[in-house]
Every structure is written in structure tokens, then in C-alpha cells.
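Asker: This structure is in C-alpha cells; I'll ask about it shortly.
The values are calculated or read from the model by the stated rules, or taken from the named source; none is laboratory data. Quick caveat, the model's predicted, so the values are computed rather than measured. Cβ: placed from backbone, ideal geometry, glycine included. Neighbour counts: every protein chain shown. In case anyone asks, the SASA skips ligands and DNA or RNA and just uses the protein heavy atoms, side chains included. Shrake-Rupley method; radii C 1.70, N 1.55, O 1.52, S 1.80 Å.
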There are 2 protein chains.
Amino acid sequence: MGNSKLYKGSLNTIILKLLEEKGKMYGYEITQKVKELTKGELKITEGALYPALHKLEAEGLLDVEVAKVDNRLRKYYKLTEAGEKETVNRLAELEEFIRSMQNLVNPKWSIE
Amino acid sequence: MGNSKLYKGSLNTIILKLLEEKGKMYGYEITQKVKELTKGELKITEGALYPALHKLEAEGLLDVEVAKVDNRLRKYYKLTEAGEKETVNRLAELEEFIRSMQNLVNPKWSIE
DNA sequence: TTCTTATGCATAAGAAAATTATGTATATAT
DNA sequence: ATATATACATAATTTTCTTATGCATAAGAA
């Protein structure tokens, strides 16, 4: 299972990006969304996700809001103001990184 | 200095790809080439590079050839046959990963 | 009705893969 | 002389993941 050892370092940015898009999401929802968007190629494990969410919250980039749906707990996360600013920066960095990787891996692509 | 925390996991593939292109390269040359190709954005540190080269060699994917140029040591690495095969696989995996990341970060790009 | 799968959170132990800090040595430019 | 560039290497530490485990409810299958 889960053999995507390549996304190391980009998990935080992925989380921020999704929250920027959707407004608010809860942990399990994020794992499912990523699986869906990448056609199952990228699987966010809970062991990676929850600590990452807690850290982003501790850094003041996320706010939490607890809800109970169908008698089950959900923790909805959304960007703080600081989080919105950081998201812009980190996304730019990630996009630049992706471009660099393309340049390395397949220079032809980036000519156009 | 070196603030590219994003390429984690892809160093091995980058090395293999460069060797596939250039035939043979030595460590220091690889660091400079990557810096050049990414316009300074990606800096391979020696602490990451040399262990990676040694590991790829131990796995039978690389061959070494020592040379002395200007009284300085150089260790030229090149792909073994097994290394050439692995390079194809790992490049495909990395390209697929890059596509996934694009899909997450900027879905618009990947429609075309 | 029992068992599995899905939903939902969390943390601890361990592994992988980097960074940072050293160390050695020669060559070149200031 | 001194700093920078070239060239290799490794140890200590940190970051960031995977794997394993734990708790709990809901829904569907057997």
C-alpha cells in the first residue's frame, strides 16, 4: 500500500492549498480528497496528517472548530489570516519547485 | 542558503537522470549541474549527495571510476545496466508524481 | 447478529532522508 | 597571506514520513 515516498515536504502546502479552496475541511475529508484528486496515487496517512494539522494550528496558520455529525466527532480546520498569507508564499514555492523538477526531469516540457 | 526543503525523496532519481544524460559525472559536478539547471533554486548538499551516491553504488545501480585531475581526486559515476533499467522506472514514477502535484496545486494546468 | 468496512480522531515507535557541522586536501584568485 | 573554489567524506541532529496501535461510532454484509 501507500508507496508514495515522493511527496515528502509538501504535505503542509497541500493541506493549506485544499483549505484555501474549500474554506474548511476535517482531517478524514482531506485524506479522501487527496486520494480522489490524485486518483489514488497519493495517500495521506493519519500518522502524517494529524501531527501536521496540529503543528499548523500551533503555528497560528489554522483555526479549529469541533462539530458532531451523526454522533461522530469532526474537527474542521480553516485558514487564519496569517494562514492565508502563508499559503500564498508556500504555494508559490511549491509551484516553483515543481517547475524546477520538470526542468530536471524533462527539459522539453518547459520550453513551451 | 539552501532552503529547498521540498525535493526530499527525489534526489536519487535526479542523480540517475543526470547520469543517463551525461554518461558519467562526479559528485561535485552533480551539485553544480543541479544548481545551474534550477537557477540556484535546488542546492544538493554534500551530506545528502555522497551518501546517496554510495547507496546507489551499493545497490548495483552505479559504477565508480576514480580519476586524478589537476592533482585532485574525482570519482566518476555512471549507470550500470541495472541502473539504466531502474532509471526508466524511477523517472516514470517521478513524472507521475509531478503530474499529481500539479493536479493538486494548480488543476488548470493539467487540463490541456 | 456478528463481522467487516467505513468514518473519525490520536499518538508512539521506528525508518528514511535530509541539514548542519565537521574534517581533510589541493588550486586559484585577491 | 587569505579567501574562495574544487573535491571527497562522515557524524550528529532534525525533519518528516510509515507503521502500528488505540479508541469509538455507523453502516453494510454474511
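Asker: Say the dipole of segment A:11-103 comes from +1 at the beta carbon of Lys and Arg and -1 at that of Asp and Glu; which of A:A67, A:F97, A:A52 then lies farthest toward its positive end?
Answerer: Of A:A67, A:F97, A:A52, it is A:A67.
Asker: OK, next. Taking θ as phi - 60°, what are the ³J(HN,Hα) couplings along segment A:10-19 by the Karplus curve (6.51, -1.76, 1.60), each to the nearest whole Hz, with x for Gly and Pro?
Answerer: Per residue, the Karplus-derived 3J(HN,Hα) values read 9, 4, 4, 5, 4, 4, 4, 4, 5, 5 Hz.
Asker: Give, to the nearest whole percent, the P(r) tail of the protein assembly as shown beyond 29 angstrom, counting all Cα pairs. Display every interim value, and only then the final one.
Answerer: Numbers: 8925 of 24976 pairs.
Across the protein assembly as shown, Cα pairs with separations above 29 Å total 36 percent.
Asker: How big is the dipole moment of the protein assembly as shown about its Cα centre under a simple scheme where the beta carbon of each Lys and Arg is +1, that of each Asp and Glu is -1, and everything else is neutral? Debye, nearest 20, please. Display every interim value, and only then the final one.
Answerer: Working: 38 positive and 36 negative charges, 50 e Å.
I would put it at about 240 debye.
Asker: Would you mind checking which residues have amide H under 5 Å from B:M25's amide H? H placed 1.01 Å from N; only 5 or more apart, or other chain.
Answerer: Result for B:M25 returns B:Y77.
Asker: Report the residue, chosen from A:I15, A:I98, A:I30, that carries the largest GNM mean-square fluctuation when chain A is represented by alpha-carbon nodes joined by springs under 10 Å.
Answerer: Of the options given, A:I98 has the highest mean-square fluctuation.
Asker: Would you mind checking A:K35/A:K75; A:K35/B:K39; A:K85/B:K33; A:K43/A:K68; A:K33/A:K55 for any pair whose Cα atoms are more than 29 angstrom apart?
Answerer: Checking Cα-Cα distances, A:K35/B:K39; A:K85/B:K33 exceed 29 Å.
Asker: If you don't mind, another one. In Å and from the alpha-carbon atoms only, list the Rg and Dmax of segment B:11-105.
Answerer: Reported Rg and Dmax, both Å: 14.1, 50.
Asker: Take the rotation relating chain B to chain A, measure from its axis to every Cβ in chain B, and name the nearest residue with the distance in whole Å.
Answerer: Reported as residue, whole Å: B:K8, 2.
Asker: As I understand it, the dipole of segment A:11-103 uses +1 on the Cβ of Lys and Arg and -1 on the Cβ of Asp and Glu, about the Cα centre. Which of A:L37, A:T13, A:T80 lies farthest toward its positive end?
Answerer: The residue sitting most towards the positive pole is A:L37.
Asker: Moving on. Show the residues, 5+ positions off or on another chain, whose built amide H is closer than 5 Å to the amide H of A:L62.
Answerer: A:E57, A:T80
Asker: Further question on the same structure: For segment A:92-106, take each phi angle, set θ = phi - 60°, evaluate the Karplus expression 6.51 cos²θ - 1.76 cosθ + 1.60, and give the result in whole Hz per residue in order, putting x for glycine and proline.
Answerer: With the stated coefficients, segment A:92-106 comes to 4, 5, 5, 5, 4, 4, 4, 4, 4, 5, 4, 4, 6, 7, 8 Hz.
Asker: Please report, as a whole percent, how much of the solvent-accessible surface of chain A comes from carbon and sulfur atoms (probe radius 1.4 Å).
Answerer: Details: 3200 of 6510 Å².
C and S fraction of accessible area: 49 percent.
Asker: Using the Cα centre as the reference, give the magnitude of the dipole from point charges on the C-beta atoms of segment B:11-105 (Lys, Arg: +1; Asp, Glu: -1; all else neutral), rounded to the nearest 20 debye.
Answerer: 380 debye
Asker: Can you run phi through the Karplus equation (6.51, -1.76, 1.60; θ = phi - 60°) for segment B:64-77 and list ³J(HN,Hα) in whole Hz, with x for Gly and Pro?
Answerer: 10, 8, 8, 9, 10, 10, 6, 6, 10, 6, 9, 10, 7, 10
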